[in-house]
Amino acid sequence: MNISPERLKTLRERKGWTQDKLANESKVSKRQIIRIENSKSSDNVRQNTVKRLAHALKVEQMVLTGNKPLDPEQQLLLPDVQLSSRISSQVQLAYDLVKHRYGPSHKDLINLAPLLFVLLAEGSLAWRRQCLDGVEEAMERLRAVSKERKHLYFTHQQTNIELGLCAEEESIDAADLRGDTLRNRDDTTLDFAGEDLYEVTPFADYLCKFSEELGISGVVDFGYGVSDDPWGTEPYQICRKELNEITSSSKYARWALEHGDVRLSDIPKELMAEQARDRRIEWLESKLSDKTRKAMEEHERLKNLFAKFLKGDVQ
């Protein structure tokens, strides 16, 4: 039988193996593997050699010989790499809640993250272009009015808006999701107050708008919760309805989960049943650490102090 030199080398390298490793796994000599891979055309070998190599590489023999194309389901994956990034306990809980509601593993979510981010990013840029079109249409209507009504002389003063349109277009073309190029412009032609530009958060605005259009309050909520960001996104909460069902009205159970004292996956399955609610709450509350309990007490103290300040009881 013939083995394709290119196919053998490709399959071995996709596996991340050296020729020594393949020789050990297949019980085919390294010398023969080198000879096959260095051949300028398909190399004639014994059927048993093809069988051993194919078995070691986990492919059909016809794939190795080149008589069958590489099957995507049988292609060997590139070696996995370990991602290392510290996240807050609340973001970790968000991952757990997504898994609880929809089923994907944390690895699935990490694999999907680039795709989902790009879709949201491009959606936000497309939305900003639509907004620009609306501004330009409004300016055209204003120009028409100024021509018909000469006494409305102030309608001619659109220079700053036009400069703003150009700046926004440049930001969109640069895929500047956060509006950084707007805040960091060196020129002084844009007559905007610095604090106004500080409030420019296009990506955050789009996410809030998208969530509102979907009408998924309780699944995604903005304005409080997780704040993990230099991305200009508002603090958010994920699957709050599910979390409330799990923790009921117990703030101690909720804090234990939110502050990483316990994970959703740690809860015994028998305690997740509806009839086990009281035992589940008791179990979660028992996991509350002293550190988290002290943080709760400090939070309550500051909350009460602020309430008194608003009433005028505290100067």
Just give me the residues in segment 39-59 being under 13 Å from residue 4 (Cβ atoms) and exposed (fewer than 14 other Cβ atoms within 10 Å of the Cβ), in sequence order. 40, 41, 44
For the condition modelled with pLDDT under 85, closer than 27 Å to residue 234 by Cβ and not small (Gly, Ala, Ser), what is the one hit in 142, 197? 197
Six or more apart or on different chains, Cβ atoms under 8 Å: show the pairs whose first residue is in segment 124-142 and farther than 21 Å from residue 208 by Cβ and whose second is open to solvent by 70 Å² or more (accessible area, probe 1.4 Å) and assigned to a helix (DSSP H, G or I). 139/161; 139/162
Inter-residue pairs, beta-carbon under 6 Å, first on the phi > 0 side of the Ramachandran plot and in segment 56-68, second modelled with pLDDT of 85 or more, 6+ apart: 66/4; 66/7
For the structure I just gave you, tell me whether residue 99 is at pLDDT below 90 and of a type in the set (Lys, Arg). no
Residue 241 being within 15 Å of residue 94 (Cβ to Cβ), part of a helix (DSSP H, G or I) and open to solvent by 60 Å² or more (accessible area, probe 1.4 Å): yes
Going by the structure shown, is residue 87 open to solvent by 20 Å² or more (accessible area, probe 1.4 Å) and modelled with pLDDT under 90? yes
Looking at this structure, is residue 162 part of a helix (DSSP H, G or I), loosely packed, with under 11 Cβ neighbours inside 10 Å and among the charged types (D, E, K, R)? no
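The values are calculated or read from the model by the stated rules, or taken from the named source; none is laboratory data. Remember, it's a predicted structure, so these values are computed and weren't measured experimentally. Every residue, glycine among them, receives a Cβ derived from its backbone with ideal geometry; neighbour counts consider all protein chains shown. The area values use the complete protein model at the heavy-atom level, side chains included, leaving out ligands, DNA and RNA. Shrake-Rupley method; radii C 1.70, N 1.55, O 1.52, S 1.80 Å.
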